[in-house]
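J.: Handing you a structure now.
Here, each number is a calculation from the coordinates, and none is a lab measurement. Given the structure is predicted, the values throughout are model-derived calculations rather than measurements. Glycine also receives a Cβ, built like all others from the backbone with ideal geometry; neighbour counts cover every protein chain displayed.
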Amino acid sequence: GGALRAMIVRPPALLKGTRYLFSMEAAHPKDRLWYLLLLVVDPSVQRGGIGARLQEDMLRRADADGLDCYLETQKSDNVPYYGRFGYELTQELKPVSGGPPLFLMRRAAKS
């Protein structure tokens, strides 16, 4: 709703947003895996372990299923954060010239 309305009145923003979506879709692994679509913790309580606790069950279940995990992030500070959970940077995309990069990360299933 709101994001689309904001972009409609700004055609360049719509074009740039679409480039990010197409880049993400093209790079998204095609094999079976667990996909961390979104992880958000209110800034006022960040660094208190909430993000780790939110991921625990997913990571445990992914390992039990023998499946890798995958995520995308635009925030470079998130790369070392997710690295603590076993994710490795697999690719850095730059869908829009001068725009923020898109970091693709994957975590191998642990047996």
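J.: Taking the Cβ of Leu59 as the center, what net charge do the other residues with Cβ under 15 Å away carry, scoring Lys and Arg +1 and Asp and Glu -1?
T.: Neighbour charge sum, excluding Leu59 itself: +1.
J.: Follow-up. For the Cα atoms of the chain, what angle does the longest principal axis make with the long axis of helix 50-65, in degrees from 0 to 90, nearest 10?
T.: It works out to around 70 degrees.
J.: Extending each Cα 7 Å along its Cβ direction at Tyr35 and Val79, get the distance between those two points in nm, one decimal.
T.: Once both label points are built, they end up 2.3 nm from each other.
J.: Around Glu88, under 9 Å between beta carbons, what's the net of Lys plus Arg minus Asp minus Glu among the other residues?
T.: Charge balance in the 9 Å sphere: +2.
J.: Charges only on Cβ, +1 for Lys and Arg, -1 for Asp and Glu: so what's the dipole of the chain about the Cα centre, in debye to the nearest 20?
T.: In debye, rounded to 20, the chain gives about 280.
J.: Separate question: Extent of the range 53-100 along each principal axis, from alpha carbon coordinates, in Å, largest to smallest?
T.: In descending order, the Cα extents are 41, 19, 14 Å.
J.: Toward the positive end of the charge dipole of the chain, about the Cα centre and with charges on Cβ (Lys, Arg +1; Asp, Glu -1), which of Leu54, Ala27, Pro12 goes farthest?
T.: Pro12
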